[in-house]
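Report on the following structure.
The values are calculated or read from the model by the stated rules, or taken from the named source; none is laboratory data. Computed from a predicted model, the values in this text were never measured in an experiment. As a convention, Cβ positions derive from the backbone with ideal geometry for all residues, glycine included, and neighbour counts pool all protein chains shown.
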């Protein structure tokens, strides 16, 4: 889902950085201090999983796991993704510094929205947590694909075909990540259920 350097227009790049900086501000302000270890582990998992890329036009297909990060971190997904993507850009030249804002926002916002949409499901009894995990994983990737496609489309109408291809190529990834997210929720439900409980205002414990 990384967009490469030299593809997007300056307007889109600036807009991406502005939105990501806002996300970082609220992410650092509202992040739960007690979840710092979880955030570090998830950042490492994202960093490793998304290193395996299948090139596709101006972007690429790979496991994203933004749904898992969104499920467990809420607003904390912005600093976690930003850090991981920055390291990938510097160490492996995936994505790039110029597109760092857009790439972070595209993956973080949909996962954050899914966190708020499904977080009450994660601690519910029965099969609801597993269903919530699947939907969170599926729609986080779907939203990221849509945001990335929109960034390409807003840059140039000539990218519309690439934008459609990018989204369609991620449909299997959506299903796979939905299953992975559901399995993780099922595992945490048995081993670390406290990670699936969220306060109504995550700013109660701030970094």
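Here residue 43 meets each of (1) farther than 18 Å from residue 147 by Cβ; (2) at pLDDT 90 or above with one exception, condition (2).
Whether any residue in segment 149-164 is in contact with a strand residue (DSSP E or B) (Cβ under 9 Å, 6 or more places away or on another chain) and either surrounded by fewer than 22 Cβ atoms within 10 Å (Cβ to Cβ) or under 15 Å from residue 64 (Cα atoms) (or both) is what I want to check. Checked segment 149-164: at least one residue is in contact with a strand residue (DSSP E or B) (Cβ under 9 Å, 6 or more places away or on another chain) and either surrounded by fewer than 22 Cβ atoms within 10 Å (Cβ to Cβ) or under 15 Å from residue 64 (Cα atoms) (or both). As a summary of the residue check, residue 98 satisfies the conditions (1) assigned to a loop (DSSP other than H, G, I, E, B); (2) surrounded by 22 or more Cβ atoms within 10 Å (Cβ to Cβ); (3) modelled with pLDDT of 80 or more except for the one numbered (2). Give 147, 136 a once-over and let me know the one that is in contact with a helix residue (DSSP H, G or I) (Cβ under 7 Å, 6 or more places away or on another chain), closer than 16 Å to residue 99 by Cα and assigned to a helix (DSSP H, G or I). Testing whether each residue is in contact with a helix residue (DSSP H, G or I) (Cβ under 7 Å, 6 or more places away or on another chain), closer than 16 Å to residue 99 by Cα and assigned to a helix (DSSP H, G or I) leaves just 147. For segment 109-116, does any single residue satisfy the condition of being assigned to a helix (DSSP H, G or I), more than 13 Å from the chain's Cα centre (by Cα) and within 28 Å of residue 196 (Cβ to Cβ)? There is at least one residue in segment 109-116 that is assigned to a helix (DSSP H, G or I), more than 13 Å from the chain's Cα centre (by Cα) and within 28 Å of residue 196 (Cβ to Cβ).
The residues on offer are 43, 9, and the sole one that is surrounded by fewer than 23 Cβ atoms within 10 Å (Cβ to Cβ), under 24 Å from residue 153 (Cβ atoms) and in contact with a helix residue (DSSP H, G or I) (Cβ under 9 Å, 6 or more places away or on another chain) is 9.
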